[in-house]
Amino acid sequence: MSALNVRELIPLIDDLAPFELAERWDHCGLRLGRYDAPVGEIAVALDPSAEAVGQAARLGCGLLITHHPLLFAPQENMICDRCDPKTVEAAFQNDVCLIACHTNFDSARGGVNERLAQLAGLKDARPLEPPATERGFGMGAVGSVFSAPACEIAREIARKWDLSGYRLYDSGSAVDRVALCGGSGGDLWKRLERTDSVLYATADLRYHECMEAVDAGLSVMLCDHGEMENPPLSYFSKALAQKTGLPVHFLDLIGPKRRRERWCSVERHVSA
């Protein structure tokens, strides 16, 4: 297929990660570039870093699609020795447009949460929070697993998600269900109908949030935010290549093989 411009690509991206599913506070869609910019090849990465833009440019990609948005917080200046301005500078210098598919991809069918549930082998998986429209899967997921100690379930999930490590707060109960939320899970676990015999896997929970979840009867598996959300992007890249007919390159810049510091610690916390 010949090159498409960004305006022509957006509806094709929308088929895979409907922008109407994005949370109101989020910043999805075209974040930098021109709608009429020609795109012959596409790169996909977790974060809009200067490194990702540079790799996309070297591969001849006129478009970089990332999960996390660029310039999420307001900028007082664009001094290019900091992370976000460096990315802006690199994108302009290399004529690379940037599109973000954040919470719309989290909630999409085949998106972050549904794909993580599939990779973890959850049976009868359903969302913790239903989608805003019929085009989505929803936020988070919960499904059944073969009953086993939480430590065994967590170890198997880490293997299937290709995590370099995790932290486990073990309630001491056998687990027969797994709930999850890709990225920052917050208090989404409170949508569970029951919390006993459940392992909740997410990232970025604060200490007191963890303790509240464990006191409610959950075992909690804390994952690295980037490592947890990275695997579904590989599937998104393949689907996007089929949808657009263009070469799509998945830039795995966050996977365990690329991490400078590998961490794996287990903490046990038995609820009262």
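The values are calculated or read from the model by the stated rules, or taken from the named source; none is laboratory data. Worth saying up front: this structure is predicted, and the values here are computed from it rather than measured. Ideal geometry is used to build each Cβ from the backbone, glycine not excepted, and the neighbour counts take in all protein chains shown. Keep in mind that these areas ignore ligands, DNA and RNA; they rest on the heavy atoms of the full protein, side chains included. Shrake-Rupley method; radii C 1.70, N 1.55, O 1.52, S 1.80 Å.
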**Item:** Only listed residue being modelled with pLDDT of 95 or more, surrounded by fewer than 23 Cβ atoms within 10 Å (Cβ to Cβ), among the aliphatic types (A, V, I, L, M) and touching a Cys at 6+ places or on another chain (Cβ under 9 Å), chosen from 128, 122
**Value:** 128
**Prompt:** Would it be correct to say that residue 190 is open to solvent by 50 Å² or more (accessible area, probe 1.4 Å) and either without any contact (Cβ under 8 Å) to a residue 24 or more places away in the chain or farther than 18 Å from residue 145 by Cα (or both)?
**Reply:** yes
**Prompt:** Restricting attention to region 23-61, which residues are under 23 Å from residue 235 (Cβ atoms), in a loop (DSSP other than H, G, I, E, B) and in contact with a helix residue (DSSP H, G or I) (Cβ under 8 Å, 6 or more places away or on another chain)?
**Reply:** 23, 26, 28, 46, 47, 48, 49
**Message:** Within region 230-239, does at least one residue satisfy the condition of being open to solvent by 50 Å² or more (accessible area, probe 1.4 Å), touching a residue at least 24 places away in the same chain (Cβ under 8 Å) and hydroxyl-bearing (Ser, Thr, Tyr)?
**Reply:** yes
**Message:** Residue under question is residue 173, and the condition is that it be out of contact with any Gly (no Cβ under 6 Å at 6 or more places or on another chain), modelled with pLDDT of 95 or more and either closer than 24 Å to residue 15 by Cβ or surrounded by fewer than 24 Cβ atoms within 10 Å (Cβ to Cβ) (or both); does it hold?
**Reply:** no
**Criterion: in contact with a Cys (Cβ under 7 Å, 6 or more places away or on another chain), on the phi < 0 side of the Ramachandran plot and open to solvent by less than 10 Å² (accessible area, probe 1.4 Å) - qualifying residue of 63, 32, 9** = 63
